[in-house]
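The values are calculated or read from the model by the stated rules, or taken from the named source; none is laboratory data. Model, not experiment: these values are computed from the prediction. As a convention, Cβ positions derive from the backbone with ideal geometry for all residues, glycine included, and neighbour counts pool all protein chains shown.
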Amino acid sequence: MKIGIVGATGEVGRMMIKCLDELDVPVTELCLFASSRSAGSHIQFKGKDIVVQELNADSMNQKYTALLFSAGRSVALNYAPIAAAAGNIVIDNSSAFRREDAIPLVVPEINAHVLKGYRGIIANPNCSTIQMVLALFPLDKRFGLEKVVVSTYQSVSGAGHKGIFTLSQQRSGNPELGPFPKRIDLNVIPQIGAFQDDGYCEEEAKMHFETNKILGRDDIKVSATTVRVPTYYGHAENVYAEFKKDIDLEEAGRLLTFSPSVIYYQDGYITPAELFDSNDSHVCRLRKGVDSKSIVFWNVGHNVRLGAATNAVRILKHLIEN
């Protein structure tokens with residue numbers, strides 16, 4: 001099985017390589033691609049030293065079992081169509097294709113059925129969306145989701161290695177802002193991505209659209225406030241949700257307990273610092289909202305794993321197994 005990773009030297013690309021090993025994907029040949037700056041560097045996979053190649057159109061015209069892209073929107077727009085035209089399956093982690101009607105936006109535990117008989121580009125959802133919809137999916141099926149109001153607390157690794165480096169530098173006294181609009185050290189920033197005409201920023205707009213597309217709906221009302229916080233890994237979210245039917249908290253807890261890739265805490269709670277290498281969406285502090293048809297919960301997930309690399313590799317595993 002020949003697998004390619006585009007953006008292999010980045011934060012998510014390296015995690016994709018790790019997840020291929022951890023999730024036992026039967027890779028026989030791994031091809032790693034990056035920009036000219038990183039070409040020639042070496043990355044280990046299952047004890048083998050693999051040389052990173054420079055990304056170009058010729059390399060994307062080759063045949064692969066699948067290609068995992070994690071190199072940003074512009075690279076995906078340039079090279080993913082070339083790879084797909086050559087007959088390859090492309091799983092792209094950027095926002096480039098998520099709004100395309102003909103391109104599946106997939107969380108395998110929720111909507112893997114849209115991949116049946118499909119070849120081409122597959123969009124990997126936004127990190128903050130993935131962990132939330134995994135928790136909302138079983139509740140939507142039982143109670144009928146109508147509205148979501150979510151506030152996120154997103155780590156600096158969501159901005160890639162530059163985000164991690166910037167926080168470390170600021171903690172050492174360097175005032176450079178890096179990829180952030182304001183200082184992040186000892187601060188929180190209620191903006192991720194550029195603001196749009198409606199006052200929401202790009203990250204918030206992603207959550208609004210993607211929640212509906214993944215759940216197969218177009219009528220769920222979503223209002224998100226996405227906030228960057230000075231933690232290195234792990235996104236946390238406070239989720240308020242309204243449903244068509246009355247919510248029984250014990251039943252909701254049972255649904256979450258038996259949902260794939262969800263860990264439910266009846267008591268206590270988890271923080272981003274306690275995620276370690278978890279590939280699951282953690283749900284805790286489940287409680288009633290303003291009435292019998294609403295709930296509130298605390299949701300934590302590893303943004304580089306569950307929110308990016310793990311979900312992409314799980315898509316790949318589903319395709320292989322089916």
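Considering the range 172-216 alone, what residues qualify as being more than 20 Å from GLN131 (Cβ to Cβ), of a type outside the set (Gly, Ala, Ser) and without any contact (Cβ under 8 Å) to a residue 12 or more places away in the chain?
Across the range 172-216, the qualifying residues are ASN174, PRO175, GLU176, LEU177, PRO181, LYS182, PHE195, GLN196, ASP197, ASP198.
Of the conditions (1) more than 28 Å from HIS161 (Cβ to Cβ); (2) not assigned by TED's automatic domain parsing to the domain that holds SER157; (3) not β-branched (Val, Ile, Thr), ALA312 fails just one. Which one is it?
(1)
Identify the single condition in (1) within 22 Å of the chain's Cα centre (by Cα); (2) in a strand (DSSP E or B) that ALA96 does not satisfy, given that it satisfies every other one.
If we test ALA96 against (1) within 22 Å of the chain's Cα centre (by Cα); (2) in a strand (DSSP E or B), just (2) comes out false.
What tally of residues in the range 297-322 results from selecting those that are farther than 20 Å from CYS127 by Cα and surrounded by 15 or more Cβ atoms within 10 Å (Cβ to Cβ)?
Total meeting the criteria: 1.
Return the total of residues in the range 220-235 being closer than 15 Å to VAL133 by Cα and not in a strand (DSSP E or B).
Residues that pass the stated criteria total 1.
Being in a helix (DSSP H, G or I) and among the acidic types (Asp, Glu) is the filter here, so list the residues in the range 195-219 that pass it.
GLU202, GLU203, GLU204, GLU210, listed by residue number.
May I ask you to list pairs of residues, at least six apart or on different chains, whose Cβ atoms are under 6 Å apart, with the first in the range 142-171 being within 14 Å of SER128 (Cβ to Cβ) and modelled with pLDDT of 95 or more and the second being of a type in the set (Lys, Arg) and buried (at least 21 other Cβ atoms within 10 Å of the Cβ)?
Every condition considered, the pairs that remain are GLN154/ARG228.
Scan the range 148-165 and tell me whether some residue there is over 19 Å from ALA273 (Cβ atoms), in a helix (DSSP H, G or I) and of a type in the set (A, V, I, L, M, F, W, C).
Yes, the range 148-165 contains at least one residue that is over 19 Å from ALA273 (Cβ atoms), in a helix (DSSP H, G or I) and of a type in the set (A, V, I, L, M, F, W, C).
Given ILE110, ILE189, ILE164, which one is under 23 Å from GLU203 (Cα atoms) and in contact with a strand residue (DSSP E or B) (Cβ under 8 Å, 6 or more places away or on another chain)?
None of the other options fit; the residue is ILE189.
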